[in-house]
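The values are calculated or read from the model by the stated rules, or taken from the named source; none is laboratory data. Values in this document were obtained by computation on a predicted structure and should not be read as measured data. All Cβ positions, even for glycine, are placed from backbone atoms using ideal geometry, and neighbour counts span all protein chains on display.
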Amino acid sequence: MSTIFYFIRHASYENPSRIIPGRIPGYYLDKDGKEKAKKVAKYLKDKKIKHIYTSPLERAYETANIIADYYPDIKINHAIQLTEVDSIQWQAYKLEELFTNNYYESFLNEPNSNEIPENLNQLAQRMYQFTMKLCKKHKGEAVVCISHLHPIVVLRLFLENKPLTMVKIYEVAPASITTLEFDENNKFVKSSLIEPI
């Protein structure tokens, strides 16, 4: 029996200054984000979800809380492994300034960079090891994981044996659902992406 993961990028959040929040606390879902999270929850309603894991950042666990409202018997598990990439060297930059940051460029283009706290290969390993741990723990079940843009995209690229630097051209919108399927031997089978409903 397959193990199914629904990796959900947190819904949109209030950010009037248009900065990169990274791991900075205090970013909460906006009105549209809350509505999109409800739509995700309704989409998942018939998927026989057994477990919900979330990044501890507010925009992620708020998304998880809204989804969990549809599953009152399921406890939300906070998992630091699902948190945003360690972006201390470019968080708090304005969005339009991001590509002037040499550290961010190094993150995108050098998978083994030593200039940043967490490079693409390290991020891929963090996400893969956590996913494999859950695969063994919840074999044959359906699991929801709420995370962030780069962790989700890098995990999918890694599983599909694609260059991690393709993270530059892959986008998963807020409240999108990346589905990952593993067989009974915990071998990756396929993936798919559903944009916000």
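Taken over segment 1-36, residues that are within 30 Å of D183 (Cβ to Cβ) and either small (G, A, S) or at pLDDT 95 or above (or both) amount to 9.
For segment 3-30, a tally of residues being touching a helix residue (DSSP H, G or I) at 6+ places or on another chain (Cβ under 6 Å) and surrounded by fewer than 18 Cβ atoms within 10 Å (Cβ to Cβ) returns 2.
Would segment 83-93 turn up any residue that is charged (D, E, K, R), in contact (Cβ under 8 Å) with a residue 12 or more places away in the chain and more than 18 Å from P25 (Cβ to Cβ)? No: segment 83-93 contains no residue that is charged (D, E, K, R), in contact (Cβ under 8 Å) with a residue 12 or more places away in the chain and more than 18 Å from P25 (Cβ to Cβ).
Only residues that are part of a helix (DSSP H, G or I) and without any contact (Cβ under 8 Å) to a residue 24 or more places away in the chain were counted in segment 100-124, giving 8. Among residues of segment 40-55 that are over 14 Å from D73 (Cα atoms), those with a beta-carbon under 8 Å from a residue that is of a type in the set (F, W, Y) and surrounded by fewer than 17 Cβ atoms within 10 Å (Cβ to Cβ) at least six positions away or on a different chain give the pairs A41/Y70; K42/Y70; L44/Y70.
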